[in-house]
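*Asks:* Before I ask anything, let me first share the structure, which is written out below as structure tokens.
The values are calculated or read from the model by the stated rules, or taken from the named source; none is laboratory data. Please read these numbers as outputs of a predicted model, since none were measured by experiment. As a convention, Cβ positions derive from the backbone with ideal geometry for all residues, glycine included, and neighbour counts pool all protein chains shown. Side chains included, ligands, DNA and RNA excluded: accessible areas come from the protein's heavy atoms. Shrake-Rupley method; radii C 1.70, N 1.55, O 1.52, S 1.80 Å.
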Amino acid sequence: MDETSKKALELHKKYQGKIAVYCKMPVNPPDDLTLAYTPGVAAACREVLKDPLTAYDYTSKGNMVAGIIIMVATNILTWQDILSDTGAWDAMIWMGGVVALASLLNNSGFIAWFAQSITSQLTGISWQIAFVLLLLVYLYSHYAFASLSAHVTAMYAAFPAVMIAAGTPAYLAAFGLAACSTLFAALTNYASGPAPLFFGAGYISQKNWLTIGFICSLINFIIWIGLGSFYWKIIRLW
């Protein structure tokens, strides 16, 4: 083995990989995570919902656009490369269209009206039935959203208030809504950020995705809410 190969092996063994991902901001104290993620990220989501152009201020969107411009200018990518990437165009069309629809519905007041209408119909019934029905409405209303954060920001606040008013224990309402806020991430091919990327790869049709997503959502609902509620009771979370 020549000297160059030996040095190369030593280098590879030492670093065990060439690329690492680092946080752009400090996340050591708990307060840093509170501001960067839950609940702090909701503030950024609300601003973007009010004015989509603020995404350039509060997200990495501006960096991505600048990166594409640089790659095209330096001929790393050509326009033909960009146009031929059908998966990326699928992601943009799905995400862009549904995000625009969700923003329009929110700005028109439809989301607030929808949440209030549903909750007003459930007054006077047992808290157990209200709890399950509100969770199902909350879960499957994600068909109208292409963002988990946007959905939670737009609809979360109204539901626990009605659950608690109907007699649902506060912690059970909070845990149930938190579980559903993750379960709808795979409901559709546009339900979350990664979904259009997987869908754009072409391994699964839209019909199969929607069918499998719905079936999995029912199974997960039974496990997390049906069995989970009893487990949370056993460990005295509510």
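*Asks:* Run the numbers for residue 23 and residue 216: contour at 0.36 nm per residue of separation, minus the present Cα-Cα distance, in nm.
*Replies:* My answer for the length gained is 66.2 nm.
*Asks:* Explain nothing, just the number: dipole magnitude of the chain about its Cα centre with +1 on each Lys and Arg Cβ and -1 on each Asp and Glu Cβ, in debye rounded to the nearest 20.
*Replies:* Using Cβ point charges on Lys, Arg, Asp and Glu, the chain gives about 500 debye.
*Asks:* Tell me, what is the percent relative contact order of the chain, built from C-alpha pairs under 8 Å that lie six or more residues apart?
*Replies:* It comes to 18 percent, rounded to a whole number.
*Asks:* By average Cβ neighbour count within 10 Å, what is the ranking of 218-226, 165-173 from highest down?
*Replies:* 165-173, 218-226
*Asks:* Right, something else. How much length, in nm to one decimal, is gained on full extension between residue 75 and residue 143, taken as 0.36 nm per residue of separation minus their Cα-Cα distance?
*Replies:* Extra length from residue 75 to residue 143 when fully extended: 20.5 nm.
*Asks:* Right, something else. Hey, with R₀ at 30 Å, roughly what FRET efficiency would residue 165 and residue 63 work out to, going by the Cβ-Cβ distance, to 0.05?
*Replies:* Efficiency computed from Cβ-Cβ geometry: 0.10.
*Asks:* Next up: Out of 132, 185, 226, whose Cα points farthest toward the positive end of the dipole of the chain (charges: +1 Lys, Arg; -1 Asp, Glu; placed on Cβ)?
*Replies:* Farthest along the dipole direction, towards plus: 226.
*Asks:* Here's something else I'd like to know. Using a 1.4 Å probe, what is the accessible area per residue for the chain, in Å²?
*Replies:* Result: 65 Å² per residue.
*Asks:* Follow-up. Normalise the Cα radius of gyration of the chain by 2.2 N^0.38 Å (N = residues in it) and let me know the number.
*Replies:* 1.28
*Asks:* Quick one: length gained pulling residue 112 to residue 84 fully straight, 0.36 nm per residue minus the C-alpha distance?
*Replies:* That pair, residue 112 and residue 84, stretches by 6.0 nm at full extension.
*Asks:* I've got another one for you. Roughly how many nanometres apart are two label points built 7 Å out from the Cα toward the Cβ at residue 233 and residue 42?
*Replies:* With each label placed 7 Å out from Cα toward Cβ, I get 2.8 nm.
*Asks:* Please report how far the C-alpha centroid of the stretch 149-204 lies from that of the stretch 1-76, rounded to the nearest whole angstrom.
*Replies:* Here the two parts' Cα centres lie 26 Å apart.
*Asks:* Simple spin-label model, 7 Å along Cα-to-Cβ: residue 136 to residue 7 in nm?
*Replies:* 6.9
*Asks:* Over the chain, what percent of the accessible surface lies on carbon and sulfur atoms, probe 1.4 Å?
*Replies:* The value for the chain is 68 percent carbon and sulfur by accessible area.
*Asks:* Mind counting lysine pairs for me in the chain? Cα separation below 23 Å, and the two need to be 8 or more apart along the chain or on different chains.
*Replies:* 5
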